[in-house]
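Here, each number is a calculation from the coordinates, and none is a lab measurement. Remember, it's a predicted structure, so these values are computed and weren't measured experimentally. All Cβ positions, even for glycine, are placed from backbone atoms using ideal geometry, and neighbour counts span all protein chains on display.
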Amino acid sequence: MKQNPDHSDTLSALRRIEGQVCGVQRMVDEKKYCIDILNQIAAVKGALSTVEKRILERHFQHCVKDAMKSESETATSEKIAEIMDLINKRI
């Protein structure tokens with residue numbers, strides 16, 4: 001059985017994002033200016049998007065590639081279905 005890829009390199013980014021979200025909560029609690037809060041939310045979304053892209057690329061490079069190499073039609077179809085489900089959640 002293949003092992004899932006290691007995503008530990010994203011942990012520092014995720015911890016930074018966690019800090020940003022806490023900062024947004026603090027800004028809301030302190031009734032900061034709307035645009036300042038929205039700018040921080042945009043920064044959080046951008047950082048999450050970067051982590052998401054990194055993990056998605058790794059998924060293609062490892063999980064999807066391994067399924068296709070296995071020549072198992074079932075495994076390949078499952079990976080395609082997973083990707084389609086992910087895309088449909090974002091549309």
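A few comments on the model shown:
- Residue that is surrounded by the most Cβ atoms within 10 Å (Cβ to Cβ), among those in the range 39-82 that are small (Gly, Ala, Ser) and without any contact (Cβ under 8 Å) to a residue 12 or more places away in the chain: ALA75
- Contacts under 9 angstrom Cβ, first residue in the range 14-38 being closer than 20 Å to LEU48 by Cα, partner aromatic (Phe, Trp, Tyr), 6 or more apart: MET27/TYR33
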